[in-house]
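Written out below as structure tokens is the structure these notes cover.
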Amino acid sequence: MTGALLLPAPFTHVGLDSVGSTNDEARRRVADGTAADLLVVTARRQTHGRGRRGRVWESPEGNLHASFLIRLDRPLAQAAQLGFVAAIAIASALEELVPGADVRCKWPNDVLAEHRKVAGMLLESADDGWLVLGIGIDVERAPPPGESLYAAGALAELGFGGEVGQVLVALCRQLGPWLECWRRDGFAPIRAAWLERARGLGEAALVRLETETLTGQFAGLDEDGAMLLDQGAAGIRRIFAGDVFFPGS
């Protein structure tokens, strides 16, 4: 998917053959003054794709590797809310592309289809009030077993036979209205929509933090997007970053 693809307004597109990271390419455009709100940078392949906590993001040709430049009009502390905006948009797009699939949002920033991770994202700030939203969707192939923290899948395994460009167009068609909703109405409607699709809500959860592992029940999200972990007599613990697992699933 090289060259410019016609995307739903107000998105614009730059398609490259190969880059180290589409997020880095988007940040470069901020630095050299060529950034534009809702410019989407894609590449057929990434040589140094990355996910959360510095993990490698496998980036073979045939999958979607995209970074969205977003102009922030609110405090940087609220930027993490865009991860929930993106998750809802991805989930809505996948429901359109793979009708009948069970699509769920998994805290903090993954999207599952039929209980397997098919999409993730990485939010990074850039200079002068810009945010870079990197999104990866496994369209043709998933990472081999053992190379992903969670069970992974691809849209092709669920019956999708289309092209990467179709996935990007569907994603933009959903992301535009949800982003406008967030900009206009704040986090409350985003939080409610995300919880409707939440994986594991009300179930036992195991959360691995940098220095400890916690167990409890996934009780919801707070007003900032932190995970609420009900630990019974120990009370409610707010989790801002971690790896979440649902035992037995």
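Summary table below
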{"item": "Hits in the stretch 8-47 (condition: assigned to a loop (DSSP other than H, G, I, E, B), modelled with pLDDT under 95 and crowded, with 18+ Cβ neighbours inside 10 Å)", "result": "21, 35"}
{"item": "Verdict on residue 147 being under 17 Å from the mean Cα position of the chain (by Cα) and either surrounded by fewer than 21 Cβ atoms within 10 Å (Cβ to Cβ) or at pLDDT 95 or above (or both)", "result": "no"}
{"item": "Residues located in the stretch 145-167, provided they are part of a loop (DSSP other than H, G, I, E, B) and among the acidic types (Asp, Glu)", "result": "147, 163"}
{"item": "The listed residue being free of Cβ contacts under 8 Å to residues at least 40 places away in the same chain, within 18 Å of residue 110 (Cα to Cα) and either outside any loop (DSSP other than H, G, I, E, B) or assigned by TED's automatic domain parsing to the domain that holds residue 69 (or both), out of 170, 142", "result": "142"}
{"item": "Test for residue 180: is it of a type in the set (D, E, K, R), surrounded by fewer than 19 Cβ atoms within 10 Å (Cβ to Cβ) and either closer than 20 Å to residue 6 by Cα or without any contact (Cβ under 8 Å) to a residue 12 or more places away in the chain (or both)", "result": "yes"}
{"item": "Of all residues in the stretch 194-206 being over 15 Å from the mean Cα position of the chain (by Cα) and in contact (Cβ under 8 Å) with a residue 40 or more places away in the chain, the one that is nearest to residue 101 (Cα to Cα)", "result": "200"}
{"item": "Odd one out for residue 219, checked against (1) small (Gly, Ala, Ser); (2) farther than 20 Å from residue 89 by Cβ; (3) in contact (Cβ under 8 Å) with a residue 40 or more places away in the chain", "result": "(3)"}
{"item": "Count - residues of the stretch 58-83 that are part of a strand (DSSP E or B) and crowded, with 16+ Cβ neighbours inside 10 Å", "result": "7"}
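The values are calculated or read from the model by the stated rules, or taken from the named source; none is laboratory data. Because the structure is a prediction, the values reported are computed rather than measured. In this analysis, Cβ positions are derived from the backbone assuming ideal geometry, glycine residues included, and neighbour counts consider all displayed protein chains.
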